[in-house]
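Colleague: Attaching a single structure in C-alpha cells format; questions to follow.
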Amino acid sequence: MNVRLVILFILFVVLNSCNKNKTNPVPSIPFDIMINISLPSYNNLNGVGGWCYVNGGSRGIIVYRRAIDEFVAFDRHSPADPDATCFLPLFTDPDNFLQLNDTCNNAKFSLYDGSPIANSTYGLRQYSTSFDGNTQLRIYN
C-alpha cells in the first residue's frame, strides 16, 4: 500500500509541475512609474470607473479605478495574440460593461479584473498598483 502512495505522490508532483510551465504568453517587461492623477492627462482616474492609457509594458498599460482607493493596471498586449499584432482597445458592451477586445482574435477581457471573457485561456498581464490616497499612483511589477 505504501508503494501506491509513493506512485500517486510522484504522479501528482509530475502533473503539477507540467501545469506550471503554462505561463502567460505576454512578456513581463520591467515597469515602475508614478503618475499624478490630478494632471489633465489622468483626469479620468479621479472618479470610480475612470480609466486611462499609460505608456509602458509590452503594448501599453490601461489603468482602471475600481474603487475610491483601488486601481488596477493591465498590459494592452492580448494573451490571445502572442505576436502582438493588435492593441487592446477599450470597448463598452450593450450592458455598459467595460472590457478590452482583441479584434484580431475575437478575444475579450474584463477591465475590472483582467479575466478572459471569450477566446483566451489566459487573462491580461496585471501590474501592481499603490495609491497614496491623494494624487500619487504607482504602477509597477
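Colleague: Rg to Rh for the range 30-140: what is it, with Cα atoms only and Rh by Kirkwood? Mind showing how you got there, number by number?
Modeller: Values: Rg = 13.5 Å, Rh = 14.0 Å.
A ratio of 0.96.
Colleague: What distance in nm separates the two pseudo spin-label positions at residue 67 and residue 113, each 7 Å out from Cα along the beta-carbon direction?
Modeller: The modelled label-to-label distance comes out at 1.3 nm.
Colleague: In nanometres, what is the gap between the two model label sites at residue 83 and residue 135, each 7 Å from Cα along Cα-to-Cβ?
Modeller: 4.5
Colleague: Considering the zone a paramagnetic label at residue 103 would reach in this model (a point 7 Å from Cα along the Cα-to-Cβ line), which residues of the range 39-81 have amide N under 14 Å from it?
Modeller: What the label zone holds, given the 14 Å backbone N cut-off, is no residue at all.
Colleague: Further question on the same structure: Charges at C-beta only: +1 for Lys and Arg, -1 for Asp and Glu. How large is the resulting dipole of the range 23-141 about its Cα centre, in Debye rounded to 20?
Modeller: That gives a dipole near 120 debye.
Every read-out reported here was derived from the displayed coordinates using simple, explicitly stated rules and does not represent laboratory data. What you are looking at is a predicted structure, and each value in this text was computed from that prediction instead of being measured. Methodologically, a virtual Cβ is constructed for each residue, glycine included, from the backbone with ideal geometry; neighbour enumeration extends over all protein chains shown.
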